[in-house]
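Written out below as structure tokens is the structure these notes cover.
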Amino acid sequence: MLKKLTTLFMAGLALIALNSYAVEFKAQKVADNIYAYVGPLTDRTPENLGLNNNIGFIDTADGWVLVDSGAGDAAAKKLEAIAKGIKDQPIVAVINIGSQDHRWLGNDYFSKQGAKIYAFKKSVKTQTAMFNQLLDRLVPKVPALKGVKMKTADVVLEQTSNTITIGGVEMQLNYYGDAHFPGDSVLWLPKQKVLFTGDIVYLDRMLGVHPWSNTVTWNDAYQAMRKLPAEYIVPGHGKVSDWKQADAETGNYLQKLVKNLKAAAEDFAGVDSAVADNADWPEFSHLEHYDSWHKQNLSRTYLKLESSM
Ligand SMILES: [Zn+2]
């Protein structure tokens, strides 16, 4: 009897553990005909298939337009199922607004289903240059995404602001400057006042400055983009929100990074003292991953600023 109970108890524990890792692949409504999948704030895992970011779904008279395509075929299939679960119609286009793995490595899958891929020219350049590097980092974390083929845009947009109309829905693909990745852009829907910011905005979690990020132009890009009269902000990561939260959790952080570390670099304070002097920013300490990312963001920003002095 005791053995039976123990077995039952263990099975129960296993179920709880399984559920705590389970990812719900579903979208929420943002505005009329616009939906978003909001990914978990964790890193890429076998369970989330690398979909730890946000993806947009726009319902048009011609079919679905996706804002980004997930990190490979397995993730793309989940996104396709989400779209078709809302409305069974073809996915006619994918618009990439960035170059990180989970923004575009699903392009090949959607292209084979007949979707046309759109992206800003500098995103395409970064995607091409970083493809192998992105896969090398991704596949050990999510083995199901192995074998992804590179597929960049069919329609390469040249201007810093490009109007795209698909199935009667007007969209603008705008580039304001290099940010988390070189060539990061945003998708603005002027009629619905919805802004897909990609990785220019992180909410609920600390943003990440990578060696290839540019904090100074990222801050400028945020301020330029901030002029759009958006009512709904769909960030790159974190929940759908508004300018108030975006300012508090991304805009103000970028501004403070640039201001404080520029001052330290001008004084040639040295990276250790620049990081120590700025290690505690309580207004941002509630953000997920603050402990693991904040000091790294400080040191990468400082070193880049110092080398440009
Ligand atoms: Zn991202």
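For Arg205, the amide hydrogen comes within under 5 Å of the amide hydrogens of Glu288, counting only partners 5 or more places away or on other chains and with H modelled in the peptide plane. Panel note: the C-alpha atoms of the chain, placed on their principal axes, show extents of 64, 64, 36 Å (largest first). Peptide packing: for 137-149, 164-176, the average count of neighbouring Cβ atoms within 10 Å per residue gives the ranking 164-176, 137-149, highest mean first. Here is the list for region 233-272: chymotrypsin sites (Phe, Trp or Tyr not before Pro) lying in DSSP coil, each with at most 13 other C-beta atoms within 10 angstrom of its C-beta, are Phe268.
Comparing mean-square fluctuations of Ile86, Ile55, Ile34 from a GNM of the chain with C-alpha springs under 10 Å, the top value falls on Ile86. Computing FRET efficiency as 1/(1 + (r/R0)^6) for Phe268 and Asp247, where r is the C-beta to C-beta distance and R0 is 41 Å, gives about 0.85. Using a probe radius of 1.4 angstrom, the carbon and sulfur fraction of the accessible surface of region 25-242 is 49%. Show which aspartates and glutamates lie in cross-link reach of Lys244 when reach means a straight Cα distance below 12 angstrom and same-chain residues fewer than eight apart are skipped. Leaving aside aspartates and glutamates fewer than 8 places away in the same chain, those within reach of Lys244 are Glu231. Take the chain with all the other protein chains still there, run a 1.4 Å probe, and you get 45 Å² of accessible area per residue.
Ordered from longest to shortest, the equivalent ellipsoid semi-axes for region 211-295 are 25, 16, 10 Å, each the square root of 5 times a Cα gyration tensor eigenvalue. Region 197-233 and region 65-111 have Cα centres separated by 22 Å. One quarter of the convex hull surface built on the alpha carbon atoms of region 124-190 amounts to 6.0 nm², the projected area averaged over directions. GNM on the chain, alpha-carbon springs under 10 angstrom: the most fluctuating residue among Leu79, Leu207, Leu134 is Leu134. Considering only alpha-carbon pairs that sit under 8 angstrom and 6 or more positions apart, the relative contact order computed for region 25-242 is 19 percent. Averaging sequence separations of C-alpha pairs under 8 Å and six or more residues apart, then dividing by the length of region 123-225, give the relative contact order as a whole percent. It rounds to 22 percent for region 123-225.
Of the DSSP H helices in the chain, those with a Cα length along their own long axis of 27 Å or more and a mean Kyte-Doolittle hydropathy reaching 0.0 comprise 2-21.
The fraction of accessible area contributed by carbon and sulfur in region 247-309 is 48 percent, rounded to a whole number (1.4 Å probe; ligands and nucleic acids excluded).
The values are calculated or read from the model by the stated rules, or taken from the named source; none is laboratory data. A quick note: this is a predicted structure, and the numbers were derived from the prediction, not measured. Note that each Cβ is placed from the backbone with ideal geometry, even for glycine, and that neighbours are counted across all protein chains shown. Accessible surface areas use protein heavy atoms only, side chains included; no ligands, DNA or RNA. Shrake-Rupley method; radii C 1.70, N 1.55, O 1.52, S 1.80 Å.
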